[in-house]
1. Quote the convex hull volume per residue of region 209-259, based on C-alpha atoms, as a whole number of Å³.
2. Test of understanding: ordering 277, 40 by Cβ neighbours within 10 Å, fewest first, what list do you get?
3. Given points 7 Å out from each Cα along the Cα-Cβ axis, report the residue 243 to residue 190 separation in nanometres with one decimal.
4. Would you please give the FRET efficiency between residue 215 and residue 122, computed as 1/(1 + (r/R0)^6) with r the Cβ-Cβ distance and R0 = 35 Å, to the nearest 0.05?
5. Classify region 189-298 as rounded, prolate or oblate, taking a ≥ b ≥ c as the square roots of the eigenvalues of its Cα gyration tensor: rounded when a/c is under 1.5, otherwise prolate if a/b is larger than b/c and oblate if not.
6. Give me the one-decimal nm value for the distance between modelled label points at residue 288 and residue 132, 7 Å along each residue's Cα-to-Cβ direction.
7. For the residue pair residue 262 and residue 314, what label-to-label distance in nm results when each label sits 7 Å from Cα along the Cα-to-beta-carbon direction?
8. Take the Cα gyration tensor of region 40-106, multiply each eigenvalue by 5, square-root it, and list the three semi-axes largest first, rounded to whole angstrom.
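Here, each number is a calculation from the coordinates, and none is a lab measurement. Since this is a predicted model, take the numbers as computed values, not measurements. Using ideal geometry, Cβ is built from the backbone for each residue, glycine included, and neighbour counts are taken over all protein chains shown.
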C-alpha cells in the first residue's frame with residue numbers, strides 16, 4: 001500500500017475490530033476478506049485473503065485467529081516477500097504488528113544475548129590469563145598472543161552486537177521484525193570472518209614457535225597462507241555480496257547479489273577442513289616426544305580440545321544447509337549464529353590453554369608430577385630405586401635447564417660453548433619453554449646427558 005495515500009495500519013484495524021464487536025450482524029454476514037483492500041497493499045491482498053479463508057478467520061475473531069496461528073503468519077510472510085516490493089512488505093509488517101500488539105510473540109533473542117555475552121566473558125577471561133602468564137615468564141607478548149588479543153577484542157564486539165541485534169529483532173519471526181534494520185547483521189558477518197582467521201592464526205603461530213622441525217614449520221606456514229587467503233577472499237565476498245552495498249539493508253534498492261547460500265556452504269566446509277588440518281598437524285611432532293604413554297595421551301588430549309571447534313563447525317553447517325533459502329531468516333538463522341559464536345570461542349580457548357601452565361603451577365599440587373618426570377633419561381634409570389623420576393637438582397639437570405633459550409639443533413657440545421651462543425637466534429627464542437611442556441628439552445635429552 002503506497003504511503004502517499006496515507007494508509008495507516010493501526011486506525012483501520014482498530015475501527016474494523018470496533019465495528020466487528022459492536023455490530024454482531026456485520027461479523028456474521030461480512031467476510032473478513034471484504035475489508036482487506038482498504039487495509040493492505042494490492043500485492044498483499046491475495047496472500048492475506050487466501051490465508052484468512054484457509055484459516056476460517058472471521059471479523060469477530062480476526063486477531064485471535066491470525067495472531068495465535070504461527071503457520072498462517074509464516075505462509076502470509078513468505079507470500080508477501082515473494083509478491084511485494086520492500087515498501088509494501090514494511091507496510092504489511094506494520095499491519096500485522098498493530099493487529100497482534102497485545103499477543104505474545106515467539107522470540108529466540110534471549111538465547112542470542114546469553115550465548116554472545118557468556119562466550120565473550122569466558123573467552124576474555126582465558127585470553128587475559130594467557131597474557132598474564134606470558135608476561136610473568138617472558139615480560140612480553142609474542143605475536144601469537146597478539147593475534148589472540150585481536151580475535152578476543154573482535155569477539156567482544158560481536159558479543160556486544162548480539163544484544164542490539166536481538167533488540168532490533170534478530171531471533172524473532174520475519175513478520176515481527178522491522179525489515180529496514182539490517183546494518184547490524186551485515187557488520188556481524190564481517191566480524192565473524194576476522195575473528196575466525198585471528199583465532200586459528202594464533203594457534204598456528206603457537207605451533208610455529210614451539211616446534212622447531214623445518215618440515216613442520218613449512219607445513220604450518222603453508223596452512224597459515226591458506227587461512228589468510230581464505231579469510232581475505234571470503235571477507236571480500238561478504239563485503240561485496242550485493243551491489244550496491246546499501247541494498248543489503250536497504251531493500252528499496254534493486255540488488256544484484258552473488259549466490260549467498262553457496263557462499264555460506266563454501267565458508268562452512270572450508271572452515272571444517274581448516275579445523276581438521278589444525279587438529280592433526282602437531283600429532284606427528286607430539287608422538288616424537290620422549291614421554292611415557294600416559295603423558296603422551298594427556299598431551300594429545302590437550303591439543304584435541306580443538307576438535308570440539310570442528311564439531312561446532314559441522315553443526316553450524318547443518319543449520320546453514322537446513323535454512324539456506326529461508327524466508328524467515330531472523331528466526332531460522334539463530335542457531336547458525338549461536339554455533340558460530342561457540343565455534344569461535346572454542347578456537348580461542350584451545351589456542352590459549354597451553355600458555356596457562358605457569359599459572360596452574362602456582363596452585364599447590366597442580367602439574368607437579370608432570371614437572372618431576374620431565375627429565376627422563378638413561379642416567380635416571382641406572383639407580384636401583386628408580387621410579388621414573390629424577391633425583392632433585394643434579395648437576396646434569398642444572399645444565400639441562402640452561403637449554404630452553406637455545407635452538408635445539410645447536411644444543412650439542414660443551415656447556416660453555418652453548419652459553420656463548422645464547423640469544424644469537426631471536427627467531428628460536430624459547431624462553432617460555434617451561435610453560436609449554438619443555439618439548440625441545442625432552443626431545444633432545446639423550447644428546448646432552
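1. Considering the Cα atoms of region 209-259, their hull volume per residue is 80 Å³.
2. 277, 40
3. Going from the residue 243 label point to the residue 190 one covers 1.9 nm.
4. Values: r = 36 Å, r/R0 = 1.02.
With a Förster radius of 35 Å, E is 0.45.
5. prolate
6. 3.5 nm
7. Between residue 262 and residue 314, the label points sit 2.7 nm apart.
8. Whole-Å semi-axes of the equivalent ellipsoid: 18, 14, 10.
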